[in-house]
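Asks: If you scroll down you'll find the structure; I have some questions about it.
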Amino acid sequence: MLPFSILIAHYNNFEYFKDCYESLLKQTFTDFEIIIVDDHSTDDSFEKIRQFTRDDKRVKFHKNEQNRGVGFTKRKCIELASGEICGFVDPDDALAENAIELSIQNHKQNNVVTYSKFLLCDNDLKPIKTFPHARAVKNGDKRFFNVFLEANHFFTFKRSAYDKTSGINQELTSAVDQDLYLKLYETGKFAFIKESLYFYRLHDKGVSQEKSKKGKLNQNWQQVILDTAKRRNITSLYGKKIEEINNLPEFILKNQNTFFKKIQRKLQ
């Protein structure tokens, strides 16, 4: 079994992918595979990617027979991976040169996940600022729902931990990463790396940035939290029954953003 698998769910993204792939070629740790699952791209980007990476034997491809969405595609990435540790990289983003090496170093036996600080970048992948909310989270907290997005990129996980979960919800078209993070949180310890290992590109077509997709994103985020609460046998939060809360992310954010809670997070 390989030590590490880079997982890439791709759709119509060749031009940005070039930066992503170049960052993989520069990694200080090189014993890894690259799993690319194409969600039935409608342009010629998948064939361009195959040609662009043709000399790299570490790259493995799969193409969905029809467009299935990001949940199905990311789940397929994991199914095809053979690494002991896996990490997703979106095709429009990139990694710091030591991202894989540092992640592996921080995967001590009692950690199931590592994640790091990350940089918000412009369309040309030039850093704008460090994402402000990335920080170490308290392990074993039943009410942790990652509503502040503290746990985020570069997120890597042990395959053995993933196999203890029900896996990524393949019906989700957004909030897929959050679904994965919360399921893995229930399997063991998260370790925070205080270094920016990921370059997150801000552009108009990004799922979290495209206005036309905001409604579906909020709907999926609500479903992810509902599913998480059910797994954890939580029927009420902050004095209110779960089924009576129309906007769970907003409700939890409000109740976890009191002055006292802010102080608690800073002290973690």
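Okay, residues lined up against (1) assigned to a loop (DSSP other than H, G, I, E, B); (2) aliphatic (A, V, I, L, M); (3) surrounded by 13 or more Cβ atoms within 10 Å (Cβ to Cβ):
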{"residue": "Thr28", "(1), (2), (3)": "yes, no, no"}
{"residue": "Val37", "(1), (2), (3)": "no, yes, yes"}
{"residue": "His40", "(1), (2), (3)": "yes, no, yes"}
{"residue": "Glu47", "(1), (2), (3)": "no, no, yes"}
{"residue": "Phe61", "(1), (2), (3)": "no, no, yes"}
{"residue": "Gly71", "(1), (2), (3)": "no, no, yes"}
{"residue": "Cys86", "(1), (2), (3)": "no, no, yes"}
{"residue": "Pro91", "(1), (2), (3)": "yes, no, yes"}
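Asks: Name the residue, out of Asn111, Asn139, Asn146, that is among the polar types (S, T, N, Q), more than 20 Å from His203 (Cα to Cα) and in contact with a helix residue (DSSP H, G or I) (Cβ under 7 Å, 6 or more places away or on another chain).
Replies: Details: Asn111 fails: in contact with a helix residue (DSSP H, G or I) (Cβ under 7 Å, 6 or more places away or on another chain); Asn139 fails: in contact with a helix residue (DSSP H, G or I) (Cβ under 7 Å, 6 or more places away or on another chain).
Of Asn111, Asn139, Asn146, the one residue that is among the polar types (S, T, N, Q), more than 20 Å from His203 (Cα to Cα) and in contact with a helix residue (DSSP H, G or I) (Cβ under 7 Å, 6 or more places away or on another chain) is Asn146.
Asks: Within the stretch 124-161, track down each residue that is among the β-branched types (Val, Ile, Thr), part of a strand (DSSP E or B) and surrounded by 13 or more Cβ atoms within 10 Å (Cβ to Cβ). Break it down into steps so the answer makes sense when it comes.
Replies: Quick first cut of the stretch 124-161, residues among the β-branched types (Val, Ile, Thr) only: 128, 130, 137, 147, 156.
Applying the additional criterion that residues be part of a strand (DSSP E or B) yields 128, 130, 156.
Thr156, the sole residue that qualifies.
Asks: I'd like the full set of residues that are under 20 Å from Ile128 (Cα atoms) and crowded, with 17+ Cβ neighbours inside 10 Å, limited to the stretch 94-108.
Replies: Scanning the stretch 94-108 gives Ala94, Leu95, Ala96, Ala99.
Asks: Here are the criteria: (1) touching a Cys at 6+ places or on another chain (Cβ under 8 Å); (2) closer than 22 Å to Leu237 by Cβ. Tell me which single one Gln178 does not satisfy.
Replies: That leaves (1) as the condition not met.
Asks: Take the residues in the stretch 183-204 that are of a type in the set (Phe, Trp, Tyr) and assigned to a strand (DSSP E or B), then tell me which one is surrounded by the fewest Cβ atoms within 10 Å (Cβ to Cβ).
Replies: Step one: list which residues in the stretch 183-204 are of a type in the set (Phe, Trp, Tyr), which gives 185, 190, 192, 198-200.
Then keep just the ones that are assigned to a strand (DSSP E or B); that gives 190, 192, 198-200.
Details: Phe190: 23, Phe192: 18, Tyr198: 26, Phe199: 24, Tyr200: 22.
That would be Phe192.
Asks: For the stretch 138-160, how many residues meet the condition of being farther than 29 Å from Leu2 by Cα and either polar (S, T, N, Q) or over 13 Å from the mean Cα position of the chain (by Cα) (or both)?
Replies: Final tally of qualifying residues: 10.
Asks: State yes or no: is Asp93 closer than 21 Å to Leu25 by Cα and among the acidic types (Asp, Glu)?
Replies: Numbers: closer than 21 Å to Leu25 by Cα: yes; among the acidic types (Asp, Glu): yes.
Yes: the conditions hold for Asp93.
Asks: Continuing with the same structure: Condition check: farther than 30 Å from Asn255 by Cα and surrounded by fewer than 20 Cβ atoms within 10 Å (Cβ to Cβ). Does Asn111 satisfy that?
Replies: Criteria not met by Asn111.
No lab work stands behind these numbers, since they all come straight from the coordinates. As the structure is a computational prediction, the values presented were derived from the model and not from experiment. Counting neighbours? That spans all protein chains shown, and the Cβs are built from the backbone with ideal geometry, glycine included.
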